[in-house]
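These notes are about the structure you will find just below.
The values are calculated or read from the model by the stated rules, or taken from the named source; none is laboratory data. None of these values were measured; they are calculated from a predicted model. Positions of Cβ are backbone-derived with ideal geometry, glycine not excepted, and every protein chain shown enters the neighbour counts. Only protein heavy atoms, including side chains, enter the accessible area calculation; ligands, DNA and RNA are left aside. Shrake-Rupley method; radii C 1.70, N 1.55, O 1.52, S 1.80 Å.
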Amino acid sequence: MTASATAVAPGPTDSLADVPGVLVGHHHVLDADATLGSGAATGSTVVLVPAGATAGVDVRGGGPGTRETDLLDPSHSVQQVHAVLLTGGSAYGLAAADGVMRRLEEHGHGIPMGAPGQVVPIVPGAVIFDLPVGDWTTRPTADFGYRAAADAENAAAVATGSVGAGTGARAGILKGGVGTASTVIVGGPADGVTVAALMVANPVGSVWDPDTGLPWGLTRADAERRGLRPPSAADLAAAHTLGQKGTVLNTTIGVVATDARLSKPSCRRVAVAGHDGLARAIRPAHSPLDGDTIFALATGTRDTPPVDGIPAAFPAELPILDAVCTAAAVCVQRAIVDAILSATTVAGIPTYRDVFPSAFEEGRV
């Protein structure tokens, strides 16, 4: 069997938008004076695939809040989805999916079910628990989903940090948020295939190494690109005095996408592999108090040549799937780090830069 890949390189924008046909939009409300318990600080993020994409999902956390995940079982009839909703608001936030469906229906996107215009858009989704950040009663509605979907249609780039579903996100003692990353596979049967991830980081677990102060999932290449170095001993000591956050109900959710042509069972396997990246960037991961959920999308817009030597008992796409799974884990890992480093302070929750300013000091060894 031919090796799956020889190398990977970031895509042109290093974001989920590097996969053709995949669009990302956000909508949120955020009061400048929001606190833990008052003001508005929540939102929704929508990943649109108007032309449809084969999809799968893997739920690893013990406290998930999800919609339409049963539909993605490989044995079930519906083969494609038209959007994925990632949202704040805990279970209340699932209402935002209604607005995404309305926007898709207005544009004729969905499963054709009769006369022209009679379609049923398929919109699975997952939530994070952000209700204590800001006023408990402020949570995403259908209008959030509609506006986020509209933003996806017009967004020139993928916004990250404290936006959309990441507005009220927390990551251990730090501010969480939305992050993204992509890669283009170089060499092997999957040569030229793009894989990307967008994650909303809101975990119970820690996102930084207590021995070094660096993010758990930070790669050497990303550290060099961001000019990030181990923080000072003083910053590290101060961080250890911050203790733990008050709430323990959380979740990290996200989407992995590829332009490879994959089956529904293979998409499920990509979602499974994505959780490896989550576990590299968050420790502990998949706790009973998290609802960790990763969706996988395959647009099939890039054809890959058949590979010789695949045993008849295995699917022909296996070498492609192997390469995509490997890249998916790395993209999820890098996207979570991007979420942490891109976040801005909300409701007094400190960011990584607030806690470890020395990690960004130029010229310091």
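In the condition set (1) in contact with a Lys or Arg (Cβ under 8 Å, 6 or more places away or on another chain); (2) surrounded by 18 or more Cβ atoms within 10 Å (Cβ to Cβ), THR344 is compliant with all but (2).
All conditions but one from (1) within 20 Å of ARG268 (Cα to Cα); (2) open to solvent by less than 30 Å² (accessible area, probe 1.4 Å); (3) small (Gly, Ala, Ser) apply to ALA150; the one that does not is (1).
Close Cβ contacts (under 6 Å, 6 or more residues apart or on different chains) running from residues in region 262-279 that are acidic (Asp, Glu) to residues that are crowded, with 19+ Cβ neighbours inside 10 Å and modelled with pLDDT of 95 or more comprise ASP276/ALA329.
Residues in region 321-341 that are open to solvent by less than 10 Å² (accessible area, probe 1.4 Å) and under 29 Å from SER266 (Cα atoms): ALA323, VAL324, ALA327, ALA328, ALA329, CYS331, VAL332, ALA335, ILE336, VAL337, ALA339.
Whether a residue is of a type outside the set (Ser, Thr, Tyr), farther than 23 Å from THR167 by Cα and either open to solvent by 40 Å² or more (accessible area, probe 1.4 Å) or touching a His at 6+ places or on another chain (Cβ under 9 Å) (or both) was assessed, and PRO50 passes this test.
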